[in-house]
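The values are calculated or read from the model by the stated rules, or taken from the named source; none is laboratory data. The shown structure was predicted, so the numbers you read here are calculated from the model rather than taken from an experiment. Note that each Cβ is placed from the backbone with ideal geometry, even for glycine, and that neighbours are counted across all protein chains shown. All accessible areas refer to the heavy atoms of the entire protein, side chains included, with ligands and DNA or RNA removed. Shrake-Rupley method; radii C 1.70, N 1.55, O 1.52, S 1.80 Å.
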Amino acid sequence: MKVSDIKKVACVGGGVIGSSWAIQYAMRGLSVALYDINDEQLLKSRGQMEKSLDALVGHDAIAQTQKAEIVARVHPTTSMEEAVSDAQFIQESGPERLEIKRSILAQVEQYAASDALYASSTSGLLISEIVAEAAHPERCVGAHPYNPPHLIPLVEITRGEKSSDEVVKTVYDFYQSIGKEAVLLRKECPGFIANRLQLALYREVQDLVMRGVCSVEDVDKALVYGPGIRWAIFGHNMIMQMGNPGGLTGMVKMLGNSGDVWLADMASWTHQPDNWSEVAQPGVDEEMAHFPDYVGHTNADCIAYRDRMLIEILKLHKKL
């Protein structure tokens with residue numbers, strides 16, 4: 001199958017991730033079937049999509065007329081057969097439990113074409129385990145999005161032991177064609193790429209706070225107003241490249257082994273502090289209380305602010 005053959009996508013699972021995926025595909029002009037097990041969940045999905053699209057309209061990322069067109073491209077259904085029988089690409093976003101994902105794949109394979117591409121939005125499970133009992137494991141890949149998928153471009157593609165080279169390439173090219181930034185894991189790895197980087201950083205966040213070096217609020221400020229701003233533009237290797245006239249090589253030579261002293265003092269534990277939430281939650285509450293009013297002081301306020309900032313950053317990246 002070629003990317004140009006993909007005209008209909010089935011989003012299996014209408015939760016937070018599945019609904020956001022549906023918006024992503026519909027925004028790119030594709031017909032979308034959105035499946036879930038009951039009408040109640042589909043109504044929740046519709047409400048979530050409306051809210052997300054209203055945010056895009058409100059921040060001038062799409063026009064009001066486009067919103068109506070996007071909504072019209074999404075067809076909710078409680079019938080798996082109706083959802084997948086004529087879909088060329090199937091995006092599964094079911095609960096993160098191995099037995100459920102295997103059950104969903106088995107249902108899909110009853111009705112889907114044998115050459116339909118299957119991507120699992122797993123955030124931690126290995127695709128080889130998900131497809132262990134599949135009839136067509138060669139057409140399946142892992143595809144971990146970052147939440148919310150319709151805003152954050154990253155999708156991490158993992159090939160399974162039996163994933164075909166052709167399928168992996170087509171899935172990669174398809175995601176790129178709809179505005180995603182796909183990265184490919186050449187072999188399976190727990191936590192993939194981004195979450196491992198995130199957890200490694202978060203370990204140091206936790207350690208600095210637990211050791212009394214800084215507050216929860218200040219470690220967040222240090223990240224947001226320091227490296228976070230740069231990382232929203234370029235990755236760390238490119239930051240190194242631009243930091244020295246000799247490029248990355250020049251930066252490495254300049255720094256030498258000076259970082260070894262820091263590394264020796266940094267966290268290396270492999271079990272997160274059991275009482276972290278007891279320490280961190282009061283700090284987060286205080287941080288939120290200190291936010292300026294234009295950011296807000298509740299979770300809902302901060303989520304709305306986050307989405308607005310994401311939309312503005314994506315505009316700069318020419319992704320919206």
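For segment 81-176, the share of DSSP beta bridges that are antiparallel, to the nearest 5, is 40%. Within segment 48-111, the proportion of Cα pairs with more than 12 Å between them is 75 percent. Of all DSSP-defined beta bridges confined to the chain, some 15% are antiparallel rather than parallel.
Count Lys and Arg as plus one, Asp and Glu as minus one, and take only other residues whose Cβ is under 14 Å from that of Thr270; the net charge is then -1. Under the combined filter of DSSP loop state and at most 12 neighbouring Cβ atoms within 10 Å, segment 136-201 retains these trypsin sites (Lys or Arg not before Pro): Arg186, Lys187.
With the Cα gyration tensor of segment 86-136 giving a ≥ b ≥ c as the square roots of its eigenvalues, does the rule (a/c under 1.5 for rounded; else a/b larger than b/c for prolate; else oblate) give rounded, prolate or oblate? Since a/c reaches 1.5 and a/b is larger than b/c, the shape of segment 86-136 is classed as prolate. Computed on protein heavy atoms with a 1.4 Å probe, the accessible areas place Glu161, Glu156 in the order Glu161, Glu156, largest first. Taking the centroid of alpha carbons for each part, segment 152-217 and segment 1-64 are 22 Å apart. Measuring between alpha carbons in the structure, the pairs from Lys7/Lys162; Lys162/Lys187; Lys2/Lys101; Lys8/Lys187; Lys101/Lys162; Lys67/Lys319 lying more than 19 angstrom apart are Lys7/Lys162; Lys2/Lys101; Lys8/Lys187. When the helices of the chain are scored as -39500 (n - 2.57) per DSSP H run of n ≥ 4 and the total is divided over every residue, the value at 222 nm lands at -15500 deg cm²/dmol.
At q = 0.10, 0.12, 0.13, 0.19 Å⁻¹ the log10 of I(q)/I(0) for segment 31-154 amounts to -0.35, -0.50, -0.58, -1.14, computed by Debye summation with a single uniform scatterer per C-alpha, solvent ignored. Overall shape of segment 240-295 was characterised from the C-alpha gyration tensor. The equivalent ellipsoid obtained from it has semi-axes of 36, 22, 8 Å, in decreasing order. Each residue of segment 189-198 was assigned a 3J(HN,Hα) from its phi angle through the Karplus curve 6.51 cos²θ - 1.76 cosθ + 1.60 (θ = phi - 60°); the sequence is 8, x, x, 6, 9, 5, 5, 5, 4, 5 Hz, with glycine and proline shown as x. Shape class for segment 137-274, computed from the alpha carbon gyration tensor (a ≥ b ≥ c): prolate, with a/c not under 1.5 and a/b above b/c. Computed from label points 7 Å out along Cα-Cβ, the spacing between Ser277 and Ala106 is 3.3 nm. Between Val141, Val279, Val32, the residue with the greatest mean-square fluctuation in the GNM of the chain (Cα pairs under 10 Å linked by springs) is Val279. Each 20 Å bin from zero up to the one holding the largest Cα-Cα distance in the chain carries the following percent of pairs: 28, 55, 18, 0. Amide H contacts of Lys8 (H built 1.01 Å from N, in plane; Pro and chain starts excluded): Gln88, Phe89 sit under 5 Å, all sequence-distant by 5 or more or on other chains. Free of any chymotrypsin sites (Phe, Trp or Tyr not before Pro) that DSSP assigns to a loop and that have at most 11 other C-beta atoms within 10 Å, the longest stretch within the chain is 1-224. Projecting the Cα positions of Ala83, His150, Gln64 onto the charge dipole of segment 39-157 (unit charges on Cβ atoms of Lys, Arg, Asp and Glu, taken about the Cα centre) puts Gln64 furthest along the positive direction. Annotation: aspartates and glutamates with alpha-carbon distance below 16 angstrom to Lys51 (same-chain offsets under eight excluded): Asp60, Glu69, Asp301, Asp307. Anyone know which of Ile100, Ile62, Ile239 comes out most mobile in the 10 Å Cα GNM of the chain? With Cα springs under 10 Å in the chain, the top fluctuation among Ile100, Ile62, Ile239 is at Ile239.
Using a Cα-Cα cut-off of under 25 Å, which lysines could be cross-linked to Lys221, ignoring same-chain neighbours fewer than 8 residues away? Straight-distance partners of Lys221: Lys315. When the GluC sites (Glu not before Pro) in segment 101-150 are filtered for DSSP coil states and for at most 13 other beta-carbon atoms within 10 Å of their beta-carbon, the remaining sites are Glu133.
For segment 86-128, the set of trypsin sites (Lys or Arg not before Pro) satisfying both a DSSP loop assignment and a count of at most 16 other C-beta atoms within 10 Å is given as Arg97.
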